[in-house]
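Asks: Input: one structure, supplied below.
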Amino acid sequence: MPRRGENIYKRKDGRWEGRYIKCRTPEGKAKYGYVYAESYRKVKEKLKEQIKSEVKKITNNSNYADWLNQWLVVKKFHVKEATYMRYKRIVDVYVVPTFGNTNIETITTGDIERFISYLLNSGKRNGKGGLSPKTVTDIFFVIKNSLTYAADAGYRINCNFKRISIKRDIKEMRVLTCSEQAILSNYLRDNIDLRSLGVLICLYTGIRIGELCALRWENIHLSKRCLSIRETLQRIPANNDETKTKIIITMPKTASSIRNIPIPEFLLPFLLRFEATSKAYLLTGKPDRFMEPRIMQYYFHKCMKNAGLDSANFHSLRHPYVKPTTKKFLSFFKFEMAISLRAFLC
């Protein structure tokens, strides 16, 4: 079966067809080439070889934009779809407008340093200030990775990447205090529904919001008291048009994110109350309807406000789980188990 994001399709005549970008017009429109084979595996091998052949056709006087297009095509086979779309947006929005018509062998360390300085001070597309250090770091990664790849292909790259650094602002991490966790937990129990249950699960297991939205009842093993995290749900750009997006369900953030997590015993009665069919999503109770991360973000902010707590990001729910090292937190955790179970039984 083809992976999501691959331009490989099975034709009506039984053959498999692979499509690749041969070049782009001056307006940026892609021109495609095609390869064919009797199986998915063979057409994928042909496609990789054809892409390598197209890369070799790029001459030393080609501009950086031509190379970036080929680099993106190769990257598509090695990264997740969401990562590929992020790289592509960085290339189209930031790198090509500045360096697209430049010979890659003439790009210097100074050119990149000046570009980074511009992005940090005036890089926003609306002209109102600079981009965040995190965004600029992502842009620099694309430039560095693509030029390093060009160097491996035989280009003379005149950049010393070790000389380039981007100062990152260290922001204090917002962590819910033990008393805030207790207040939020009490509010969620008093207003229990599938969304409140989802927030409680994140608070006491540390799963990410995308993992929560992709969680189905077949991944909740009540008899074994554990969750199986196998997928994550996220919204990504659908194409070059930033106004169009799509939802994808894919592997979690990293390979180590595929894991089994124990379910605290006091959560079992709440899970039993809402248990649904195996293919149903936890947050909706239906197999054909999921809930987006941004909707859960809105709901979490509403819960925090209604509970009388200061605003926090949904991701802050992970922090107590990641480092539950203090006796104070462990005591709170045991207290919550006892109170929750008692409240349900009463």
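Asks: Does the range 99-114 contain at least one residue that is open to solvent by 20 Å² or more (accessible area, probe 1.4 Å), hydroxyl-bearing (Ser, Thr, Tyr), in contact with a helix residue (DSSP H, G or I) (Cβ under 6 Å, 6 or more places away or on another chain) and modelled with pLDDT of 90 or more?
Replies: yes
Asks: Filter the range 244-281 down to the residues that are in a helix (DSSP H, G or I) and open to solvent by less than 60 Å² (accessible area, probe 1.4 Å), then identify the one that is nearest to Val96 (Cα to Cα). It would help to see each step written out before you state the result.
Replies: First, the residues of the range 244-281 that are in a helix (DSSP H, G or I): 255-257, 265-274.
Retained after the next criterion (residues that are open to solvent by less than 60 Å² (accessible area, probe 1.4 Å)): 257, 266-271, 274.
On the way: Ser257: 34, Phe266: 54, Leu267: 51, Leu268: 53, Pro269: 55, Phe270: 52, Leu271: 50, Phe274: 51 Å.
Per the stated criteria, the residue is Ser257.
Asks: Here is a further query. Could you please find all residues in the range 125-165 being in contact with a Phe, Trp or Tyr (Cβ under 6 Å, 6 or more places away or on another chain) and open to solvent by 30 Å² or more (accessible area, probe 1.4 Å)?
Replies: Lys144, Tyr149
Asks: Return a yes/no flag: does the range 303-319 have any residue that is at pLDDT 95 or above and either open to solvent by less than 20 Å² (accessible area, probe 1.4 Å) or under 16 Å from the mean Cα position of the chain (by Cα) (or both).
Replies: Scanning the range 303-319 turns up at least one residue that is at pLDDT 95 or above and either open to solvent by less than 20 Å² (accessible area, probe 1.4 Å) or under 16 Å from the mean Cα position of the chain (by Cα) (or both).
Asks: Right, something else. Of a type outside the set (S, T, N, Q), farther than 27 Å from Asn158 by Cα and at pLDDT 85 or above: which single residue out of Glu6, Glu27, Glu45 fits that description? Can you show your working first?
Replies: On the way: Glu6 fails: at pLDDT 85 or above; Glu27 fails: at pLDDT 85 or above.
Result: Glu45 is the single residue among Glu6, Glu27, Glu45 that is of a type outside the set (S, T, N, Q), farther than 27 Å from Asn158 by Cα and at pLDDT 85 or above.
Asks: Are any residues in the range 221-235 aliphatic (A, V, I, L, M) and either touching a strand residue (DSSP E or B) at 6+ places or on another chain (Cβ under 6 Å) or without any contact (Cβ under 8 Å) to a residue 24 or more places away in the chain (or both), and if so, which ones? Even if it seems obvious, please write down each step before you answer.
Replies: Within the range 221-235, the first condition is being aliphatic (A, V, I, L, M), and the residues that meet it are 222, 227, 229, 233.
Leu227, Ile229, Leu233 - these are the residues of the range 221-235 that are aliphatic (A, V, I, L, M) and either touching a strand residue (DSSP E or B) at 6+ places or on another chain (Cβ under 6 Å) or without any contact (Cβ under 8 Å) to a residue 24 or more places away in the chain (or both).
Asks: Across the range 37-52, what is the total count of residues that are open to solvent by 90 Å² or more (accessible area, probe 1.4 Å) and either under 21 Å from Ala150 (Cβ atoms) or in a loop (DSSP other than H, G, I, E, B) (or both)? Working first, answer last.
Replies: Applying the first criterion (open to solvent by 90 Å² or more (accessible area, probe 1.4 Å)) to the range 37-52 yields 38, 41-42, 45-46, 49, 52.
Subset that is either under 21 Å from Ala150 (Cβ atoms) or in a loop (DSSP other than H, G, I, E, B) (or both): 38, 49, 52.
Number of matching residues: 3.
Asks: Determine if the range 230-243 includes at least one residue that is in contact with an Asp or Glu (Cβ under 9 Å, 6 or more places away or on another chain), aliphatic (A, V, I, L, M), surrounded by 15 or more Cβ atoms within 10 Å (Cβ to Cβ) and in a strand (DSSP E or B).
Replies: yes
Asks: While we're here: State all residues of the range 169-198 that are open to solvent by less than 60 Å² (accessible area, probe 1.4 Å) and not in a helix (DSSP H, G or I); if no residue qualifies, say none.
Replies: Within the range 169-198, Leu176, Ile192, Asp193 qualify.
Asks: Let me ask something else about it. Any residue that is of a type in the set (Gly, Ala, Ser), assigned to a helix (DSSP H, G or I) and under 30 Å from Arg41 (Cβ atoms) - is there at least one of those in the range 105-116?
Replies: Filtering the range 105-116 for residues of a type in the set (Gly, Ala, Ser) gives 110.
Those still in the list that are assigned to a helix (DSSP H, G or I) too: 110.
After this cut, where a residue has to be under 30 Å from Arg41 (Cβ atoms) as well, the list is none.
No, there is no match, as no residue in the range 105-116 is of a type in the set (Gly, Ala, Ser), assigned to a helix (DSSP H, G or I) and under 30 Å from Arg41 (Cβ atoms).
The values are calculated or read from the model by the stated rules, or taken from the named source; none is laboratory data. Because the structure is predicted, anything quoted here is derived from the model rather than measured. Using ideal geometry, Cβ is built from the backbone for each residue, glycine included, and neighbour counts are taken over all protein chains shown. Ligands, DNA and RNA are stripped out before the accessible areas are found, and what is left, the full protein with its side chains, is counted by its heavy atoms. Shrake-Rupley method; radii C 1.70, N 1.55, O 1.52, S 1.80 Å.
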